[in-house]
Structure formats: structure tokens, C-alpha cells
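The values are calculated or read from the model by the stated rules, or taken from the named source; none is laboratory data. None of the values given here were measured: they were computed from a predicted structure. Reconstructed Cβ throughout: ideal geometry from the backbone, glycine too, with neighbour counts over all protein chains shown. We work out accessible area using only protein heavy atoms, side chains counted, and drop any ligands, DNA or RNA first. Shrake-Rupley method; radii C 1.70, N 1.55, O 1.52, S 1.80 Å.
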Amino acid sequence: MRSLVPVSMITLLWSLAQALNAQESSRPGWAADSLRQVAALRVEKAPPRIDGHLDDPAWASAPIATGFVQREPSPAAPAAEETEVRVVYDAEAIYVAMRLHDTRADSIARPLARRDASIEHSDWAYVMLDSRDDNRTAYVFAVNPREVRKDLFVYDDAREDPTWDAVWSVATRVDSAGWTAEFRIPLSQLRFSPGQTSWGVNFGRYLARRGERSFWSPWLPSSPGYVSSFGVLAGLGGVSAPRRLELLPYAVGRLTRAPGEDADPFHRPNEPGGSLGLDLSYGLSSDFSLTATLNPDFGQVEADPAEVNLTAFETRFEERRPFFLEGTDIFEFGLSGGEDLFYPRRIGRRPQGGVPGSARFREVPEASTILGAVKLSGKTSGGWSLGFLDALTAPVTGRYVASDRQVREAAVEPWTNYGVLRATRDFRGGGSSVGAIFTATHRSIEDDALAFLPDAAFVGGMDARHRFGGGDYEVRGYAAASQVRGGVPAIQRLQRNSARYLQRPDAWHLDYHPDATVLGGAAASLQVARIGGSWRWEAEGSLLSPGFEANDLGYQPVADRIFQRLAVEYRRHRPGPRFRRWDLRLSQGSDWTSGGERVGTVTTLFSNFELANRWSGFAQLMRRYPALSTSALRGGPALQIPGYWRPVVSLRTDRRKRVSGRLLVNAKLGDAEGDRFLDVSPSVELRTAALELSVGPSMEWNRDPWQYVGQREVDGERHYFFGRLRQAELSLKARLNYTFSPGLSFQLYAEPFLNAGTYDRFAEVTSPRAAETGDRFRRFEPGDLFRSEADRYRVDLDGDGRTDTEFRNPDFNVRQLRSNAVLRWEYGPGSTLFLVWSQGRRESLTDGTFDLREGAAGLWKAPSTNVLLLKVSRWVPF
């Protein structure tokens, strides 16, 4: 078993960080002549009292930042209303006072909402601090006139992480001259290097009734970045963060009531439970922190969305667990096509093994137990970003009732250690960088039932980027290599999985090695783009070799790919008589296997727009051309698939109104006869000063004349079966948010989901690369296929009147309800109480007929699982 905390590695990283902490960065050289600057005033004795009244003596002497400039609707024009900002600081915190003048104070939009709520129909004041002064990262603090707070972290100059939360305070006041916002941001919540005398800074304002966004340091739509457009906060002499030690202990109590059979020895009608845990954060210095978690609680208030996945590939879900969300910018290493070398949901994943399929009753945990995890992350003044993460999960055992009615155990997940090491070095004031990453997964495979899992997996990579041409152009690229080690069953499984299908019989360039114990490969990419100005473009080429494998700790749905992408875009942000803004993007991309098989070519025309009446939306027209699919036959030969057109239109009404709506129409018009898809998703939103109610149904109709059903081997020959799928789906997402105060809110969420599909016109593949779609298949005649009483289809392949093989009835009917109610109370700084009730209902049938009335009735009659949970966490700073 690997050590939870490799002390030697942390010591080495810490020593390296201190050795490299001597250099200083600066604002980008291309912006030096236009930088705005404001000085912060140090207060020695009486810091401002955070009450929204800007009458403290400290504010009287502080320099004023004013002259805000619009980003929209009229880029570079002076803001319609004046805003004044002052900054002071002491040894503990940064204080910011904002006076937001408004000649129509009675029209200030000030709804009440929970923390971090995204409400566009409100006025906002923003403070943005690039405390690392790296022109790449920033901490954003925002408040509306009702003291609704939100905070987020910005990285890579423009990308946002809204899950980041800090402990800070703010107070607001509304008066006849407008409104005020008074911020206190503790230095302990920021990361910066000792000895810095200036930071990057910007201040922003959103004036809701005009839809106007303005900034003190101009950030225009033509700007190549966000943080790199900041001004300078000067005068920060002697600022040093105290040693930070923050504890966040938690306690959880739950009661689960679930249906089950009396004969099931694992069933308990009412099952109580509880747990204790602790998150710890320690500031090793002002720019590096060590975080750890023991027995973490990673329960989610809102479950992953319902779906029926008929593809060969894994669905990717968002990460919502706080420990893994922190430091997103440092650990990220994205590949082309949305893949990542670090996908933290692998840690604590659902067990990959299972109990025997013949077991009548079973009990398998839904997730692996994370015993603990530790993370070191930070950034030096010399531009080095360093991150290290290590996590250990315990073995998981499932229980089941065997055929002899005895309760037995089966290993479903082994001891596993996950490690990630990431380092990046910035140059030229954040305009260029080079970096490296290394990930490692080690498993202790002690049971033959888990021999399908690798013993160890390693991925290493390097990436770089460089801005030039005044910051308007950027070139970036990466190179990575992987190696996976394990027993023969584990490597066979990787070679045969949906990412690569090395066993494909028609792929001359692929080699399947049934006795291999190692799998290795490489990946690389190069991209050149214009990222500033009204006209923008990008060109990219990348590749993934057949053996590249990053799924033990990353997310990589495909391998054996060569990608090519081109795009050009025009942005118009000057308001006109019909449009406030619009953009138009034309893109083209093609994919090949490393053997030269073309597996995709797509052309897309896309436009975003906002009308003069504040309605907005987008429109897209995509054309996917006929190409080969290497996954359609799930390891069989590549199949030529038809092309299709995909128009998508979305329109949203003015969200400033009490009632607003949205309509999304998504269609597919296939080249093959009968290949059609339509999704119609309307929604309506009602809001008052404290209430938000949204209801959004979604209706889908899918007609696929050639949907994969299964495959069988008969007399040494593999046969692949398809059928015509007629599928319908109806779902409804309903949300109600009521806010009693910025710290106390109630949320109600419900999502009923009905999805049914029926198959007919079954056929087998005879010539997968034939030019005409109909020539690729042989439809079964009535005498070739019939349905048995066991709800299976029997197939006579050679017409001799005898059954050669069979497959199960693929019809499906899924009914599901996910709902929860959450009372959230932030009873102290960083301290929260949750009271949660959740209910889940699910029923799966083999009758594929979609009937709304019967489906809804069946859903409400389906057995339900109810969970009542109380969680209390307490932030304890030292």
C-alpha cells in the first residue's frame, strides 16, 4: 500500500518553490503605456468598519479610482453613471469602498438570492484582484445592493471557476445618490508572494436596467484576455499574509428509507447513518498552501442528470466536490477534444468490479471510500506554479447471496493510490509559459476477481504557450506519453475497449497483442490562433496514438486519432438599430485514424446575438459528412455511416422582466431515409424580490434506422445486428429558490424523466463499407427472426429453419424521478448547515412503447428511496 502523504515529495517541492521565489513578474509589456494605476493607502490604527457607510476617516485620504469605461453595450464609451473606488489595507485585510452613483436610484435592481446565484436582473459591484501579479489568475468578489455575494476564481487569463469560495465580508447601502459597497477581503484568502509592492486590479459595475457592463481598467470585447487587461494597485508596502491554519470539521447524520424484498438479507427499511470528517488548510507561506481531507464527505446536493446512453462511450459528469475543485488552474492539462489528463472524479469512483450476475440479492457500495487526500499548491513571484495531489482509497467489498443461499463476499475495488504532480513556469508577464505534468495510479491487486484492472498507470506531458503580436496572437501546444502495466486480462481489456478497439479485423495499422502486459502511447497538439480584435481565427492539429491511455486518472474517450481544426470568427459589439451585439463563427474539422481512415468531417456556422430589445439567442447549422465509424460495431470492422444536417436555434426573452422564457430547438436531418431527431425545450422563469421559479420541459423524438443492437459469434464468424430505433423522451426540470436572507435560503428541485425506445426491422451487417446505406445490411425476413417467450429474438442466419443464435429484446422504457429540497443556512463565516431531503424513483421495463399517461402514472407508483440528511460544518481559523 502506497503512503498517503509522500513526505519526501512534498519536501522536494517546497524546497524548489523557495529557491525559485526570488524573481518578480510584471504587467504585460504590450499594455505598459495604457495601464491605469491606483494607490492603496495603509491604515495603521483604525481600519474601516464594514457597514456600508463610507464615513470612516480612512476613506477620506485614500486616492480615488474613477473614469469607468463600457464593455457593453457601447465598447470604449464612458460609463453612463459615475463610480468611485478607494482602497486601503492593513496587516490583516484589503478594504475597498465603492460609491456607485445613480441618477435613478429608485430603479436600482436589487433582488434577494442565495450566495453565488447567477442573477442577471440585478445591479452588481465587482472587485478583481490579481494578487499573484501574473496576468493570468485573479480573485473576483461581487455584491449586489441587497448584499448577495458571489466570488469566483479566474485562470488562464479568462476562464472562470465559480465553485471557488472565500471567507470575506461586505456591506451595502442604498440612498438617494445611488448605492455603496464596502468590502473587507482578508489577506489569508488570497495568494501572493512576499515583498510585492503592487498587484493587478480591476473594478467593475453592472447597471441592470441598461444592460451596461463597465470597468475601471478598460476590458473591451477586442481585448485578447481578461486578467491581462487589469490595471495596477500600487503602494502595497510590507504586505505579508499571516500563517494560515483553517479547519473545517463536519458532522453528517442521515436516515435512508428504501424499498426492498423481505427475503433480501441486505435490506433495511430504515437505515440510519452518520460520519465525521475534517478538511484542513495550512498556509505554508503567503503563496503556498497545504490542504488535506480526512474521511471527506463528498455528497452532492444535486445528482447527475438522468440519461439513457446508447453509445459506446462513457458519459462525462461535472466535478462538484470542493476539495478537488480548489486549484483547478494549477492541475489542469487539457487535451484536444475535451479530454483531460486529470479528471478527479476517478478518485472515489463507483467500484469497477461486481458480484456474480447470477446473484439474486446483492449489496455493492455506490462509491469507493476515500480515506484521505492531501494537496500542495501555489505560485511563486518568479512565475512558478506548483501543485501536488495524493489520495488513497480503501478496498471495496460487495456482498451477495449465492445459489446455495449463502451470503458471500466479492472484491469490487482494490487499494488504490492516486498522485498528480504539476509544474508551470510563466514568462514575459504571463505572456508565455512552459509546463509539465505527471500522474500515477497504483493498485494493489490481491484478488483474481480484480485482475481486469491495471496494476499501475503513468502519464507524463509537457505543454507551452506563447503570445505575440501585441498579445493578439497565441501559439500553444503539448506532448504527452502514457504507460499502463498489468496482468494479461487488464491489458487485453484496454486494447479491446471503446477508446481504441485494437482487435478490429479491418485495421491494418493496429496490432492486438493478447499476451501483452504493457500498453503505451503518445499524444501531441499544436494550435495557432488570433485571440484579440474583432476578427479572430484558429488552426489546430493534434494526434492520439492507438496505445495512448489516460483513463485511470484522466478522461479520454478515444485514441487512434489525428485531428485537424480551422475556424474564423467575427465579433460585432457596436449596438445598432436591431442588434446590441452579434458574432459569426465558421469552423471546419476532420478526424482520421492513424491508418488514414477518415472518421469525421464537420462544418459549422454559428452565431450568438443580442437584439436591441434585450432578447438574445444563438443559431447553428452543422453539416457532418459521411465517414467511417470505428465504434459502431463495438470492436468489429469500421462501418460507413451517413452524414446529416443539424440545425439548432435558441431564443431567450428579456431576463430583466419578472417573467422571462427560453426556447431551444435542436434537430437532425440525416441523409439516410428515416434518420431524424428533434428536441424541443421551452422554459419559463418567474421571479420576485426573493423568489425564483423556473420550469423547463424537454421533448425529444429520435428515429434511427440503423441502431446497434448486439453481436454474436456463430461457427467462428462474428455477426453484427442492427435495428430501427423509434425513441421518445420527456423530461421536466423544475426549480424553486426562495431566499429569506443572503445567508438563509431554500431550494426545491425535481426532474421527472421518461424515455422509451422500441426496435424493429432488424438486420445484420454484410458489407460495412458499401457505398449505399442499404447495401451494408441484410434485413431479416419474417422467417429469419422471431420473438421467443423468454423475451428474446431467435435468428436463423442460413435459412435452414434452425435457430443459429439469439439476442435479447433491446426495447427499453426508463422512468425516473430525482428530487430534493435543501435548506441552507450560512450561520457564520465559512460555516454552513444543510438540511436535505431527497427522493429517487426508478423503474425499467422492456416494453418500449412511450405512453405519457401510463408513464407518469407508473413513475409515481414506482418504489421510492428517501434520504433525510443533516450536515453541519464549522470554519475554525487559527
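List of remarks:
- A count restricted to the range 387-436 and to residues that are touching a strand residue (DSSP E or B) at 6+ places or on another chain (Cβ under 9 Å), free of Cβ contacts under 8 Å to residues at least 60 places away in the same chain, of a type in the set (S, T, N, Q) and more than 26 Å from E474 (Cβ to Cβ) stands at 3.
- Looking across the range 854-868 at every residue that is of a type in the set (A, V, I, L, M, F, W, C) and outside any strand (DSSP E or B), the one that is farthest from the chain's Cα centre (by Cα) is identified as A857.
- All positions within the range 444-480 that are open to solvent by less than 40 Å² (accessible area, probe 1.4 Å), over 26 Å from A529 (Cβ atoms) and in contact with a helix residue (DSSP H, G or I) (Cβ under 8 Å, 6 or more places away or on another chain): A451, L453, P454
- Check on S745, surrounded by 15 or more Cβ atoms within 10 Å (Cβ to Cβ) and touching a Lys or Arg at 6+ places or on another chain (Cβ under 8 Å): yes
- For the range 206-217, the tally of residues that are surrounded by fewer than 22 Cβ atoms within 10 Å (Cβ to Cβ) and in contact with a Phe, Trp or Tyr (Cβ under 9 Å, 6 or more places away or on another chain) stands at 4.
- Count of residues meeting criterion [surrounded by 13 or more Cβ atoms within 10 Å (Cβ to Cβ) and under 30 Å from A373 (Cα atoms)] in the range 253-292: 21
- Unique residue being part of a loop (DSSP other than H, G, I, E, B), over 30 Å from P505 (Cβ atoms) and either open to solvent by 30 Å² or more (accessible area, probe 1.4 Å) or at pLDDT 95 or above (or both) when the list is A728, A689: A689
- The strands (runs of 3 or more DSSP E) found entirely in the range 604-643 that carry 1 or more residues being at pLDDT 95 or above and more than 30 Å from Q503 (Cβ to Cβ) are 616-624.
- Extreme residue, farthest from the chain's Cα centre (by Cα), among residues of the range 255-264 that are at pLDDT below 90 and of a type outside the set (A, V, I, L, M, F, W, C): D262
- Number of the condition not met by E717 [criteria: (1) free of Cβ contacts under 8 Å to residues at least 12 places away in the same chain; (2) more than 30 Å from T846 (Cα to Cα)]: (2)
- Residue match in the range 842-858 (condition: open to solvent by 70 Å² or more (accessible area, probe 1.4 Å), touching a strand residue (DSSP E or B) at 6+ places or on another chain (Cβ under 8 Å) and within 30 Å of D116 (Cβ to Cβ)): no
- Some residue of the range 57-67 being within 21 Å of G204 (Cβ to Cβ) and assigned to a strand (DSSP E or B): yes
- Residues that are within 30 Å of D511 (Cβ to Cβ) and open to solvent by 40 Å² or more (accessible area, probe 1.4 Å) were ranked within the range 562-621; the one that is nearest to the chain's Cα centre (by Cα) is R565.
- Meets criteria (at pLDDT 95 or above, surrounded by 15 or more Cβ atoms within 10 Å (Cβ to Cβ) and among the β-branched types (V, I, T)) for T758: yes
- Looking only at the range 222-247, and only at residues there that are surrounded by fewer than 19 Cβ atoms within 10 Å (Cβ to Cβ) and part of a strand (DSSP E or B), the one that is modelled with the lowest pLDDT: L245
- The range 635-657: number of residues that are within 24 Å of R209 (Cβ to Cβ), open to solvent by 40 Å² or more (accessible area, probe 1.4 Å) and touching a strand residue (DSSP E or B) at 6+ places or on another chain (Cβ under 6 Å): 2
- Listed by first and then second residue, the pairs linking a residue in the range 764-782 that is on the phi < 0 side of the Ramachandran plot and in contact (Cβ under 8 Å) with a residue 40 or more places away in the chain to a residue that is open to solvent by 70 Å² or more (accessible area, probe 1.4 Å) and outside any loop (DSSP other than H, G, I, E, B), with Cβ atoms under 8 Å apart and 6 or more places separating them unless they lie on different chains, are E764/R778.
- Flag if V43 is closer than 14 Å to V201 by Cα and either surrounded by fewer than 21 Cβ atoms within 10 Å (Cβ to Cβ) or within 37 Å of the chain's Cα centre (by Cα) (or both): no
- Selection from the range 590-603 of residues that are in contact with a Lys or Arg (Cβ under 8 Å, 6 or more places away or on another chain) and part of a strand (DSSP E or B): S590, D591, W592, V599, G600, T601, V602, T603
- Filtered residues of the range 115-167 (kept if under 28 Å from P224 (Cβ atoms), among the small types (G, A, S) and open to solvent by less than 30 Å² (accessible area, probe 1.4 Å)): A125, S131, A138, A142, A166
- Qualifying residue in the range 491-504 (condition: more than 30 Å from W384 (Cα to Cα), open to solvent by less than 20 Å² (accessible area, probe 1.4 Å) and charged (D, E, K, R)): yes
- Within the range 824-841, being open to solvent by less than 60 Å² (accessible area, probe 1.4 Å) and either in contact with a strand residue (DSSP E or B) (Cβ under 8 Å, 6 or more places away or on another chain) or of a type in the set (A, V, I, L, M, F, W, C) (or both) holds for R824, E826, G830, S831, T832, L833, F834, V836, S838, Q839, G840, R841.
- Residues in the range 796-821 that are more than 23 Å from L845 (Cα to Cα) and in contact (Cβ under 8 Å) with a residue 24 or more places away in the chain: L797, D804, T805, N820, A821.
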